[in-house]
Each structure stands twice: as C-alpha cells, then as structure tokens.
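Below is one structure; the comments refer to it alone.
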Amino acid sequence: MKEIQREVTRVCISLLDHPLQDNEYKSAIISGLAVLGMRKDEGWLDAEEYTPKYSAVIKMARLMVVQEAFHRKQEAMIAFQERERSRGNEVTEKEAREQTSGYYHSIKGMVRKFMTMADGKRDPTPMQWIFRARSYGFKIRYTTTAAGCIQWLGDTILYQQIRFDMSEVRTLIHGLVKEAREVLYKDLLLVDQDSQGHVDPTQVPGIDWDTIVDNPSESRVGWSFLDDERSR
C-alpha cells in the first residue's frame, strides 16, 4: 500500500476515535452526515431515504477498523524483525507473526474504544451518535404508513408517472403466457409449432392436471408434488 493510502486510513480512524463532548457537530463525520441529509431541492431526506446512509457509514467504519488492524500487524512485524536484526538475530516472517499481537486483540481494542456505545467514564464517539440516530430513524421508518402512489380511475390505473388500463394488463399477461409456452415447447420438449403456435398433440405427453395434488406443509428436502401418493 502506498504511503498516502496508509495516511488516509489513519485519518479515517482518527475521525472515528473523536470524543464527542459539548458539540457533536465538531465531528467531521457527523457534520458530513448532516450534509448528506440535504436534498437537491434544498429540503431534507426522510427517514426511509436517510437511514441507509447511516448503515453504509457503519459498514465502512467496520471495514476501516479491520484494515487498520491489518496495517498495525504488518508494521509490528516489520518493527520486530528490524529490532531483532539490530541485535544480530535473523527472524523470519512466520516467527515475527507469531511473536507479535494478533488481529483479534487489535480489533478488540479499537471496537471497545470507539465502535460501540460509551459506558462508564468513556466519552461518546461519532459511532454512538450514528447508532442512536439510526435507531430513531428505523423507529420512524417502520411505524410510518407509506404514502399512497396508486390511483384507480374506472378501468385505468395510475402508478407514479405510469398510466395503463386493465386491457393492457391482460394483453401483457397473455403475451407472457404465449412466450413461456413457446419456450417450453421449443427448448424443453423440442416440439415444433405451426405458424399459429399450435402443436401436434401426439408429440407431447398427456397430463391429467386435475389429479395432481401438492402438499404445502411438506418440508422435506428433495420432496416435490410428484412424490405425493395422490398424484400417482
């Protein structure tokens, strides 16, 4: 990794490890999230649109912590090898890995320090503010009735900017059924159709659909309606 990329990772970790005291908006992360909450028309995003941004920041913060732990491990290994080399001892990478602290302890320390809710005398961090704000947003999101976006005008349906009537819906369904029928006959059964889509009945197996029974309560792996005794 280039040095500039390493410094960017350090900056991100320092932004996460920023104690919040009197003013939360002194945190660059929280101020940035406030900016992301603005719409292009100068309004504010609602909870349904905004909570995913909190979730994205939380996910990226967790990835940053793992990345930082990886870098710290590599740096500790290099420092250990150089220290032993200065003493006249040659240490392999495997030995350096075993002698330095593992990823778990590094990640655990960072998680306890600034990735969870504050307790005791510890100051809250931006992650605590994000967790609380997201929980409040989820509460609004899951208890607010969605705005209606479908209207009926006689036989016409209006959905947002789309307008169609029931005859168009029926035409769509009939077209899908015809297309599926052609695929099943041509590609699955390898049966030719005439210009009107009809097939020779002697070329396809006869199926008595009225005698086929399914059991929705059956959950065994590999079981299908063909295994039902009533379908035999």
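The values are calculated or read from the model by the stated rules, or taken from the named source; none is laboratory data. Quick caveat: nothing in here was measured; it's all calculated off a predicted structure. As a convention, Cβ positions derive from the backbone with ideal geometry for all residues, glycine included, and neighbour counts pool all protein chains shown.
When residues of region 84-121 are filtered for being modelled with pLDDT under 90, of a type in the set (A, V, I, L, M) and over 23 Å from Leu15 (Cβ atoms), how many remain? Within region 84-121, residues that are modelled with pLDDT under 90, of a type in the set (A, V, I, L, M) and over 23 Å from Leu15 (Cβ atoms) number 1.
Applying a threshold of 7 Å to beta carbon distances and a minimum spacing of six or more residues, or different chains, the list of pairs starting in region 3-14 at a residue that is within 20 Å of Val57 (Cβ to Cβ) and ending at one that is of a type outside the set (Gly, Ala, Ser) reads Thr9/Met64; Thr9/Gln67; Thr9/Glu68; Thr9/His71; Cys12/Met64; Ile13/Met64; Ile13/Glu68.
Cβ-Cβ distances below 9 Å connect the following pairs, each with a first residue in region 70-84 that is touching a residue at least 24 places away in the same chain (Cβ under 8 Å), a second residue that is hydrophobic (A, V, I, L, M, F, W, C), and a separation of six or more residues or different chains: His71/Met1; Ala76/Ala96. Entry remark, region 114-137: residues being assigned to a helix (DSSP H, G or I) and surrounded by 15 or more Cβ atoms within 10 Å (Cβ to Cβ) number 11 in total. Exactly one residue out of Gln67, Gln21 is exposed (fewer than 13 other Cβ atoms within 10 Å of the Cβ), farther than 18 Å from Tyr136 by Cα and touching a residue at least 40 places away in the same chain (Cβ under 8 Å): that is Gln21.
Against the list (1) within 33 Å of the chain's Cα centre (by Cα); (2) closer than 30 Å to Ser31 by Cβ, the condition Lys121 fails is (1). When region 181-211 is filtered for residues that are assigned to a loop (DSSP other than H, G, I, E, B) and either surrounded by 11 or more Cβ atoms within 10 Å (Cβ to Cβ) or on the phi > 0 side of the Ramachandran plot (or both), the ones remaining, listed by number, are Leu189, Leu190, Val191, Gln193, Gly197, Val199, Val204. Annotation: of all residues in region 129-156 being without any contact (Cβ under 8 Å) to a residue 12 or more places away in the chain and touching a strand residue (DSSP E or B) at 6+ places or on another chain (Cβ under 6 Å), the one that is nearest to Ile30 (Cα to Cα) is Ile150. Within region 138-159, if we keep just the residues that are within 30 Å of Ile58 (Cβ to Cβ) and among the charged types (D, E, K, R), the residue that is surrounded by the fewest Cβ atoms within 10 Å (Cβ to Cβ) turns out to be Lys139.
Just for region 160-180: of the residues that are modelled with pLDDT under 90 and of a type outside the set (D, E, K, R), which one is surrounded by the fewest Cβ atoms within 10 Å (Cβ to Cβ)? The residue in question is Gln161.
If the condition is being under 22 Å from Gln67 (Cα atoms), part of a helix (DSSP H, G or I) and of a type in the set (S, T, N, Q), then region 10-42 contributes only Ser14. Every condition in (1) surrounded by 10 or more Cβ atoms within 10 Å (Cβ to Cβ); (2) assigned to a loop (DSSP other than H, G, I, E, B); (3) of a type outside the set (A, V, I, L, M) holds for Ser217 except the one numbered (1). Would you pick out the residues in region 85-101 that are exposed (fewer than 13 other Cβ atoms within 10 Å of the Cβ), in contact (Cβ under 8 Å) with a residue 12 or more places away in the chain and not in a helix (DSSP H, G or I)? Ser101, the sole residue that qualifies.
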